[in-house]
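Only one structure is covered here, and it is reproduced in the block below.
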Amino acid sequence: MRNVMWLVWIMVMPGLVLAQESGDSILRAADLYRNSWESFIVQTLIKNFKNDQLEDSSKFEVMIKGNGKSLVRFLNSDQKGQYLLMVDDLMWLYMPNTRRPIRVTPLQRLTGNASNGDIARTNFSRDYQARLLGEELVGDLICFKLELTAKTSSATYPRVEYWVTKAESRPVKAELYLASGKLCKSVSYDEYETLNGKRLLRKMTLIDRLRKNSYTMMEYLNYEPKQLPDKYFNKDYLTQLK
Amino acid sequence: MVKTVHWFGGLSFMAVWLASVVSLQGNAFGERLNYRFSLFTESYHNWLNDTPLNKDNELLPQIRYGSYSSADLFLNHGRFTTAIKALAHYTDRDASAYRAIIRELYFDHEFGGSFHITIGKKILKWGTGYAFNPCGVIEPSRQASDPSDRREQYQGRQILAFDAFSGNRSFTLLYANESRYRDTFHRGKHELASRIYALVRGVDLSLISHWKEEEKFKLAVSTAYTYGTHIELHSELIGQMGSTKQYHLVLNDPNFQPTPHSSSYIARYQHSNKIFPRLLVGVQYTFDNGISLMIEYFYNREGLTHQEWQRWRKFVLTQVDAMTTAPPDPLSFKHFYDALMTLDRSGSMRHYGFCRGYWPQQRFGLELLLLNNLVDGSGVGVMTFNYVMRTNFTGWIRGEFYAGRRASEFGSLFFRSAMFLGAKYSF
């Protein structure tokens, strides 16, 4: 009996490792649609809708460097001077009138259905381990279905189900789950654009599954590859920012 | 009429100055203009406390109601940054004011990618505390009951600073001086300060030194550490040998009698080898839904002990008696007033507790602050409800409530409670 179990284990294990490996590599490829450069800036417009009526909108400038550093600058007139800094697993919100940056969490709501982590993180591969569950048809697209499990404490959601096209590894939709196992948000990756030969995400929609008739549209505008200085991601430098 | 002239004078000064900065910078640098402009208005009503220190609000009549309005402009273009304010403050007493204030005005030159030189008037933020800032040796001193400075009243210090940034480390060396020209030149005291900041194994660590002419040399350390994604611990510790703080002589001698020709104050620890620390420790917990809870404890050895506070209070009451009995002592008001003014509220006592709870929602926010004197149990509670009426238009209602026995610190304040109703429009 023990020998049979060993045999089953030996046969199954490589498959599991392969699923893990191919899941991670698909995830890394899918991340390139939002994270195409080592260092770049992108303007993000967030529109919140309720009962299909636009409630409000907010604009941000997101500066990304490497895999774990991001700085979000608030551009709305009532929020100017505010910054959200994420360095690896740590996240702070800086408001010009307060003395110190305040610790916040990635899941905390930033605006509408968008959490801090939704805007500050433009990749999944840093925070999640991917497992390939199989193939599924989404609309008329043949997609890989991935199950993402959080591997860092800075992951915004503990579990994500993620569909990317089989042909291009392009994100199509995602379902985001809370620690309780409850479905929290559904995401559809709606539009892409081509810039300097790169396919980039242009628009995505976050649908709140906990609040009815509410959804948030995130538009990525003006991707700009730019070498950002390390000091921008130094917490101490926040007080120097304008 | 004079006030009107001041008002228009202030506005014209601001307009000319603003135009010059914008035009100069528009030509000199191709960088974008960053600005924030807001209109702020707040009306308030104070309910007075019938404290024996200010019986029937007669000795030092206090404002019962008033209205405060300001226009605030923050402007940054390239290397120049400024924050200016025009304010109007009307009260039921003859204390109305119209002023234009330059809160910040500095030139910031960056070179070599990692180095900065700053010259001008700037608000610096050192340390990790929220309500108290013992490490803020060159910061404006903050009010623990309004740590977010909602009226944007704090002003910068005149500094010449050098900053170097490298990865998660930075170094600052600065010189500060508050010299000013108002009819005649007033030379300020020389100040030097340095700060080394580093993120070491997840701990924000700052080492600070500060020297000021005629004051004691200070060394400080501040830390912040995040445990998991929800808990942040922070601390500040500053120490000095001896103290130049002025203490009222009644604190040494309960039977002290002030005389007209000699000072009633003495720096009693001027030559002492005693170490005077100020310590702040705090913890913040942030829930996933955004609710945050912060607790801080502050200790200041330069502050008064409970017995010293009682002596000081008894002395003030003696002066009150001398003023109200016939014939009144002509000097008693001076002694009374000096004693009140000298007592720096934030450093008056030794042990304080602070607690802040904040519940942010999409359209509103609710903040609760509690500041407590841990020795006599008195305190102040502040509750603020913010409502976002439109994206750039926010209104709020704020209540401040002072509680404590008659002989306690907050129970002795001239106010029992206050209510504020305000709005802010930004563009």
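Screening B:Asp288, B:Asp338, B:Asp344 for residues that are at pLDDT below 80, under 30 Å from B:Asp146 (Cα atoms), of a type in the set (Asp, Glu) and over 25 Å from the mean Cα position of the chain (by Cα) leaves exactly one candidate, B:Asp288. Listed by first and then second residue, the pairs with beta-carbon distance under 8 Å, at least 6 apart or on different chains, first residue in the stretch B:186-207 and within 11 Å of B:Ala224 (Cβ to Cβ), second part of a strand (DSSP E or B) and basic (Lys, Arg), are B:Tyr197/B:Arg169; B:Leu199/B:Arg169; B:Ser206/B:Arg195.
Which one of these is surrounded by fewer than 17 Cβ atoms within 10 Å (Cβ to Cβ), modelled with pLDDT of 90 or more, under 22 Å from the mean Cα position of the chain (by Cα) and among the basic types (Lys, Arg): B:Arg103, B:Arg99, B:Arg64? Steps first, please.
Numbers: B:Arg103 fails: surrounded by fewer than 17 Cβ atoms within 10 Å (Cβ to Cβ); B:Arg64 fails: under 22 Å from the mean Cα position of the chain (by Cα).
The match here is B:Arg99.
Just one of the numbered conditions (1) within 14 Å of chain A (Cβ to nearest Cβ); (2) in contact with a strand residue (DSSP E or B) (Cβ under 6 Å, 6 or more places away or on another chain) is not true of B:Leu368: (1).
Residue by residue through the stretch A:190-208, note down the ones that are in a strand (DSSP E or B) and either among the polar types (S, T, N, Q) or at positive phi (or both).
Keep residues of the stretch A:190-208 that are in a strand (DSSP E or B), which gives A:190-195, A:198-208.
Within the stretch A:190-208, A:Thr194, A:Thr205 qualify.
Out of the residues in the stretch B:39-58 meeting the condition of being of a type outside the set (Asp, Glu) and not in a strand (DSSP E or B), tell me which one is modelled with the highest pLDDT. Selected residue: B:Asn49. Of all residues in the stretch B:245-276, those satisfying the criterion of being surrounded by 15 or more Cβ atoms within 10 Å (Cβ to Cβ) and within 19 Å of B:Ser209 (Cα to Cα) are B:Lys245, B:Phe276.
Please state which one of B:Ala97, B:Ala86 is in contact with a Gly (Cβ under 8 Å, 6 or more places away or on another chain) and aliphatic (A, V, I, L, M).
Details: B:Ala97 fails: in contact with a Gly (Cβ under 8 Å, 6 or more places away or on another chain).
Within the list B:Ala97, B:Ala86, the selection yields B:Ala86.
Note on the stretch B:376-401: residues that are within 14 Å of chain A (Cβ to nearest Cβ) and not β-branched (Val, Ile, Thr) total 8. Checking A:Tyr215, A:Tyr220 one by one, the residue that is more than 16 Å from the chain's Cα centre (by Cα), buried (at least 17 other Cβ atoms within 10 Å of the Cβ) and of a type in the set (Ser, Thr, Tyr) is A:Tyr215 and no other. Taken over the stretch B:312-335, the criterion of being under 27 Å from the mean Cα position of the chain (by Cα) and modelled with pLDDT of 80 or more is satisfied by B:Trp312, B:Arg313, B:Val316. Within the stretch B:277-298, being surrounded by fewer than 18 Cβ atoms within 10 Å (Cβ to Cβ), in a strand (DSSP E or B) and aliphatic (A, V, I, L, M) holds for B:Leu279, B:Val281, B:Val283, B:Leu293, B:Ile295. Pairs are defined by a Cβ separation below 8 Å, a sequence spacing of at least 6 or placement on different chains, a first member in the stretch A:59-86 that is at positive phi and modelled with pLDDT under 95, and a second member that is small (Gly, Ala, Ser) and surrounded by fewer than 18 Cβ atoms within 10 Å (Cβ to Cβ); the pairs so defined are A:Gly66/A:Ser39.
Per the conditions (1) within 17 Å of the chain's Cα centre (by Cα); (2) more than 13 Å from A:Arg34 (Cβ to Cβ); (3) away from every other protein chain (no Cβ under 14 Å); (4) of a type outside the set (A, V, I, L, M), the sole criterion not satisfied by A:Asp208 is (3).
Among the residues of the stretch A:180-202, are any in contact with a Cys (Cβ under 9 Å, 6 or more places away or on another chain), within 14 Å of another protein chain (Cβ to nearest Cβ) and of a type in the set (Ser, Thr, Tyr)? So far as the stretch A:180-202 goes, no, none of its residues is in contact with a Cys (Cβ under 9 Å, 6 or more places away or on another chain), within 14 Å of another protein chain (Cβ to nearest Cβ) and of a type in the set (Ser, Thr, Tyr).
Being part of a loop (DSSP other than H, G, I, E, B) and away from chain B (no Cβ under 12 Å) holds for only one residue in A:Asn67, A:Asn97, and it is A:Asn67. Just the residues that are more than 10 Å from A:Tyr33 (Cβ to Cβ) and surrounded by fewer than 17 Cβ atoms within 10 Å (Cβ to Cβ), please, taken from the stretch A:166-185. A:Lys166, A:Ala167, A:Leu178, A:Ala179, A:Ser180, A:Gly181, A:Lys182, A:Leu183, listed by residue number. Being within 14 Å of chain A (Cβ to nearest Cβ), of a type in the set (S, T, N, Q) and in contact with a helix residue (DSSP H, G or I) (Cβ under 7 Å, 6 or more places away or on another chain) holds for only one residue in B:Ser166, B:Ser148, B:Ser170, and it is B:Ser170. Of all the numbered requirements in (1) of a type in the set (Gly, Ala, Ser); (2) outside any loop (DSSP other than H, G, I, E, B); (3) in contact (Cβ under 8 Å) with a residue 24 or more places away in the chain; (4) more than 27 Å from A:Ser57 (Cα to Cα), B:Gly377 misses one, and that requirement is (2). Somewhere in the stretch A:119-142, is a residue within 10 Å of another protein chain (Cβ to nearest Cβ), over 29 Å from B:Lys424 (Cα atoms) and either surrounded by 19 or more Cβ atoms within 10 Å (Cβ to Cβ) or touching a residue at least 24 places away in the same chain (Cβ under 8 Å) (or both)? Checking the stretch A:119-142: not a single residue is within 10 Å of another protein chain (Cβ to nearest Cβ), over 29 Å from B:Lys424 (Cα atoms) and either surrounded by 19 or more Cβ atoms within 10 Å (Cβ to Cβ) or touching a residue at least 24 places away in the same chain (Cβ under 8 Å) (or both).
Filtered by the rule that a residue be more than 14 Å from every other protein chain (Cβ to nearest Cβ) and among the polar types (S, T, N, Q), the stretch A:211-235 gives a lone residue, A:Asn213.
Please find, within the stretch B:70-79, the residue that is nearest to the chain's Cα centre (by Cα) out of those that are hydrophobic (A, V, I, L, M, F, W, C) and buried (at least 20 other Cβ atoms within 10 Å of the Cβ).
This residue is B:Phe74.
The residues of the stretch B:299-334 that are in a strand (DSSP E or B) and out of contact with any helix residue (DSSP H, G or I) (no Cβ under 9 Å at 6 or more places or on another chain) amount to a single one, B:Tyr299. Has the stretch B:254-261 got at least one residue that is part of a loop (DSSP other than H, G, I, E, B) and either under 29 Å from B:Asn133 (Cα atoms) or within 14 Å of chain A (Cβ to nearest Cβ) (or both)? For the stretch B:254-261, residues part of a loop (DSSP other than H, G, I, E, B) and either under 29 Å from B:Asn133 (Cα atoms) or within 14 Å of chain A (Cβ to nearest Cβ) (or both): absent.
The values are calculated or read from the model by the stated rules, or taken from the named source; none is laboratory data. Model, not experiment: these values are computed from the prediction. Because the Cβ atoms are built from the backbone with ideal geometry, glycine has one as well, and the counts that use them run over all protein chains shown.
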